[in-house]
Amino acid sequence: MTRRAFLQFGLGLGLTGVAGLAAMAVPQRDPAGALQWADRTLNAMGTAMTLRAAHADAGVAGRALDAAVADIRQIEDQMSLFRPDSALSQLNRVGQLDQAPPDLLYVLATAQDVARRSHGSFDVTVQPLWLAFAQARQQGRLPTVAEVQAARLRVGWRGLHLADQSVRLQRPGMGVTLNGIAQGFAADKVKARLQAFGIQHALINAGEWAALGQPAHAGDWTLGLANPRDAHRLVAGIALQGRCVATSADDQCSFSPDFVHHHIFDPRTGYSPRELSSVSVMAPTCVMADALTKVIFMAGYDRALPLARAWGVEVLVVDKQGRWKASAGLPLRPV
């Protein structure tokens with residue numbers, strides 16, 4: 001799956017906006033003194049990523065960002081479906097890995113835990129459904145009901161087995177996609193890498209967003225959530241406050257002009273959930289924020305806030321009619 005980059009815009013100091021979010025900062029004096037800011041931009045894991053970090057020593061900031069980029073490339077080597085030689089592509093091709101890399105095992109174990117706790121609402125084995133819709137789109141159509149049901153029979157998180165360093169797919173034709181969780185993991189990995197270099201101020205956009213400290217001007221890192229039907233308009237601003245934010249929206253990759261069919265699949269039906277248009281989750285880690293956007297997509301508009309409370313996260317949801325609501329604890333900012 002790919003993520004469509006929205007129009008880049010911001011208020012104050014604008015940074016790259018991806019997956020429905022754009023960074024904003026309100027200009028004020030910098031109380032932290034003269035910090036040296038450095039940036040890296042790259043295309044990885046199907047999206048445009050931007051990393052920004054500050055340190056009193058410009059050399060330290062640069063080395064920290066270079067190490068973070070190397071981490072992202074290593075994650076791509078393990079988890080990208082865009083690379084035929086990745087560990088994940090090998091798993092899908094042969095059905096098992098005997099010596100899976102540690103990061104891949106961690107992400108798969110996390111995915112399986114979320115699948116268990118969500119009763120299968122999150123399921124990384126939906127790759128056959130993606131392939132059914134993508135192949136039909138190449139022919140200018142939607143898949144037939146029979147094609148969807150045939151793909152759904154090859155989906156099921158319980159058919160993914162982890163043991164020690166090995167990974168196995170139980171049934172022929174099964175496949176795993178980590179596009180609903182790997183970018184969140186990448187953001188967490190980058191954040192930890194920057195902190196190891198002593199970075200205290202940074203903004204990480206690895207498809208999902210994480211922050212340290214504050215922008216070059218005082219205040220908080222604030223993200224503008226794009227309207228899923230009009231990228232020129234913002235729904236709301238969200239202050240990061242040191243936490244992570246992930247967004248999934250039906251227009252990031254849609255198979256039909258009406259956005260009824262898109263890249264988020266309900267593994268229980270084989271089709272996309274029909275009620276919500278966009279889900280943004282704020283959580284302590286990006287890997288959980290990323291995964292939980294799909295869990296809440298399945299829940300729908302009325303159940304979104306209670307479910308977020310049950311998981312201990314904050315959420316903002318937008319439905320197909322453009323209505324939106326947010327958790328009481330979500331730090332919203334005017335836009």
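The values are calculated or read from the model by the stated rules, or taken from the named source; none is laboratory data. Worth saying up front: this structure is predicted, and the values here are computed from it rather than measured. No Cβ is skipped: glycine too gets one built from the backbone with ideal geometry, and neighbour counts run over all protein chains shown.
Output the number of residues of segment 171-186 satisfying the condition of being outside any helix (DSSP H, G or I) and either aliphatic (A, V, I, L, M) or touching a Cys at 6+ places or on another chain (Cβ under 9 Å) (or both).
We begin by selecting, within segment 171-186, every residue outside any helix (DSSP H, G or I); these are 171-181.
Adding the requirement that they be either aliphatic (A, V, I, L, M) or touching a Cys at 6+ places or on another chain (Cβ under 9 Å) (or both) leaves 174, 176, 178, 181.
So the answer is 4.
Out of the residues in segment 319-330 that are crowded, with 16+ Cβ neighbours inside 10 Å and of a type outside the set (Gly, Ala, Ser), state the one that is nearest to residue 221 (Cα to Cα).
330
Considering segment 187-212, the residues that are assigned to a helix (DSSP H, G or I) and among the small types (Gly, Ala, Ser) include one that is surrounded by the most Cβ atoms within 10 Å (Cβ to Cβ), namely 187. Within segment 134-148, the set of residues being part of a helix (DSSP H, G or I), without any contact (Cβ under 8 Å) to a residue 12 or more places away in the chain and not aliphatic (A, V, I, L, M) comprises 135, 138. Of the residues making up segment 41-64, those that are under 18 Å from residue 185 (Cβ atoms), in a strand (DSSP E or B) and touching a helix residue (DSSP H, G or I) at 6+ places or on another chain (Cβ under 9 Å) are 42, 44, 47, 49, 51. Scanning segment 42-76 for residues that are more than 17 Å from the chain's Cα centre (by Cα) and either free of Cβ contacts under 8 Å to residues at least 12 places away in the same chain or surrounded by 21 or more Cβ atoms within 10 Å (Cβ to Cβ) (or both) yields 52, 53, 54, 55, 59, 61, 64, 65, 68, 70. The residue list 168, 116, 154 contains one member that is farther than 22 Å from residue 248 by Cβ and either touching a strand residue (DSSP E or B) at 6+ places or on another chain (Cβ under 8 Å) or not in a loop (DSSP other than H, G, I, E, B) (or both), which is 168.
Of the residues 67, 34, 100, only one is of a type in the set (A, V, I, L, M), assigned to a loop (DSSP other than H, G, I, E, B) and either touching a Phe, Trp or Tyr at 6+ places or on another chain (Cβ under 9 Å) or at pLDDT below 95 (or both); which? Explain how you work it out, then say what you get.
On the way: 67 fails: assigned to a loop (DSSP other than H, G, I, E, B); 100 fails: either touching a Phe, Trp or Tyr at 6+ places or on another chain (Cβ under 9 Å) or at pLDDT below 95 (or both).
Answer to the check: 34.
Within segment 236-244, does at least one residue satisfy the condition of being under 13 Å from the mean Cα position of the chain (by Cα) and of a type in the set (Gly, Ala, Ser)? I'd like the intermediate steps shown before the answer.
Applying the first criterion (under 13 Å from the mean Cα position of the chain (by Cα)) to segment 236-244 yields 244.
Add one more test, that the residue is of a type in the set (Gly, Ala, Ser), and what stays is none.
No: zero hits.
Among residues of segment 275-315 being out of contact with any Leu (no Cβ under 6 Å at 6 or more places or on another chain) and acidic (Asp, Glu), the one that is surrounded by the fewest Cβ atoms within 10 Å (Cβ to Cβ) is 302.
For segment 211-249, give me the residue count where each residue is acidic (Asp, Glu) and at pLDDT 95 or above. Spell out the reasoning first.
We begin by selecting, within segment 211-249, every residue acidic (Asp, Glu); these are 220, 230.
Retained after the next criterion (residues that are at pLDDT 95 or above): none.
Residues flagged as acidic (Asp, Glu) and at pLDDT 95 or above within segment 211-249 amount to 0.
For segment 213-231, a residue qualifies if it is surrounded by fewer than 18 Cβ atoms within 10 Å (Cβ to Cβ) and either under 21 Å from residue 276 (Cβ atoms) or of a type in the set (Val, Ile, Thr) (or both), and the qualifying residues are 229, 230.
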